[in-house]
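So the structure is just underneath, and the comments pick up after that.
Just so it is clear, none of the values below were taken in a lab; they were calculated from the coordinates. Keep in mind it's a predicted model, so treat the numbers as computed, not measured. Methodologically, a virtual Cβ is constructed for each residue, glycine included, from the backbone with ideal geometry; neighbour enumeration extends over all protein chains shown.
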Amino acid sequence: MKLSIVEYPDKRLREKSKAIEKFDKELHELLDAMYPVMLKSNGIGLAAIQVAHAMQALLINIPDEDDEQSIDYLIEMINPVITHKSGETTYQEGCLSVPSFYEDINRYESITVNYQDRDGNTKTIEADGLMSIAIQHEIDHLNGILFIDKLSYSRRKKFEKEYKKMQKEKKLSKA
Ligand code: Y12
Ligand code: CO
């Protein structure tokens, strides 16, 4: 399966992803194909909609203490639902669908999430720190929400201007 990352302002990023009912070979092939796409782009989180599949599936792969990313720590979440949230935290976020842009975003500090694994088994995870932030960022994707939507009006305006300029430069350098 050949996948590529959908980049803002592509409208597909605004789609609401559908709940997954079949935990079959097709789902497994999608998840298997998403992992190398995420790693190759230096990502630590990726939602299926970012590779043009509007399905409630996401990957999280937080690096270890030595900053190494290992498949042993890969979490695949299907149909995730946040059941508890508490506290507040701020982190400078980035997104593979909004390349080269990072901004401080406020999130819940700690969350509890119910989800299914690739075989449909029900799981619960309690997360805080970077894991909590990454899960919230990826669940937003499933609802068509991007981290840039959380910026203040003035920051968003600045972003749109900078992003357009960067896209123009990218286009020119490819021509
Ligand atoms: C904390 C905050 C946000 C998340 C969501 C997952 N986000 C990412 O994995 C973002 C990755 C990313 C990687 C980039 O590429 C490089 O650094 C080489 C990048 O820069 C460019 O595209 C040029 C931007 C974002 C999880 C946890
Ligand atoms: Co993202």
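Points worth noting:
- Formal net charge of residues neighbouring Thr89 (Cβ-Cβ distance under 9 Å; K, R +1; D, E -1): -2
- With Cα atoms defining each centre, segment 80-109 and segment 141-167 are spaced 14 Å apart in the structure.
- Here is the result for segment 121-175: no GluC sites (Glu not before Pro) lie in DSSP coil with at most 13 other C-beta atoms within 10 angstrom of their C-beta.
- Order by protection proxy (mean Cβ within 10 Å, highest first), peptides 89-102, 49-62: 49-62, 89-102
- Reachable lysines from Lys157, criterion Cα separation under 24 angstrom, eight or more residues apart if same chain: Lys11, Lys165, Lys168, Lys170, Lys171
- Debye, to nearest 20: dipole size of the chain, +1 on Lys, Arg Cβ, -1 on Asp, Glu Cβ: 1460 debye
- Helices in the chain, meaning DSSP H runs of at least 4 residues, each add -39500 (n - 2.57). Divided by all residues, the mean residue ellipticity at 222 nm is -10000 deg cm²/dmol.
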